[in-house]
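Undergrad: Got a structure for you, questions after.
The values are calculated or read from the model by the stated rules, or taken from the named source; none is laboratory data. Keep in mind that this is a model prediction, so the values were computed, not measured. Here the Cβ positions follow ideal geometry from the backbone for every residue, glycine too, while neighbour counts run over all protein chains shown.
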Amino acid sequence: MAHHKSAKKRIRQDAVKRLENRYKKKTTRNAIKNLRLSKDKTEAIEQLPKVKSMIDKLAKNNQVHKNKASNLKSKLTKMVNNMQ
């Protein structure tokens, strides 16, 4: 257990940050899933920039590796472009 005041504060800050990170990552995963499940091309085209932005933000904060983010964006773009 932490004994210093600064260590206790760091523990509190880490707990808040962890919750924020979990929320952002889960929200992004749900957005990706909804994009993949969408049947309408116009709806998917509207969602794509928002989802790409969410993925970029995760990569910027090192929650997702930058190469994984790039692969995800590429695959989602291909999927949307190949929709009928």
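Undergrad: Output the residues belonging to the stretch 66-84 that are closer than 23 Å to residue 42 by Cβ, of a type outside the set (Ser, Thr, Tyr) and either part of a helix (DSSP H, G or I) or in contact with a Lys or Arg (Cβ under 6 Å, 6 or more places away or on another chain) (or both).
TA: Passing the criteria: 72, 73, 75, 76, 78, 79, 80, 81, 83.
Undergrad: Still on this model: Name the single residue, out of those in the stretch 1-38 being free of Cβ contacts under 8 Å to residues at least 12 places away in the same chain and closer than 25 Å to residue 84 by Cα, that is nearest to the chain's Cα centre (by Cα).
TA: 29
Undergrad: From 47, 63, which residue is at pLDDT 95 or above, surrounded by 12 or more Cβ atoms within 10 Å (Cβ to Cβ) and not in a helix (DSSP H, G or I)?
TA: It is 63.
Undergrad: Answer with yes or no whether residue 2 is among the small types (Gly, Ala, Ser), modelled with pLDDT under 95 and either outside any helix (DSSP H, G or I) or in contact with a helix residue (DSSP H, G or I) (Cβ under 7 Å, 6 or more places away or on another chain) (or both).
TA: It is true that residue 2 is among the small types (Gly, Ala, Ser), modelled with pLDDT under 95 and either outside any helix (DSSP H, G or I) or in contact with a helix residue (DSSP H, G or I) (Cβ under 7 Å, 6 or more places away or on another chain) (or both).
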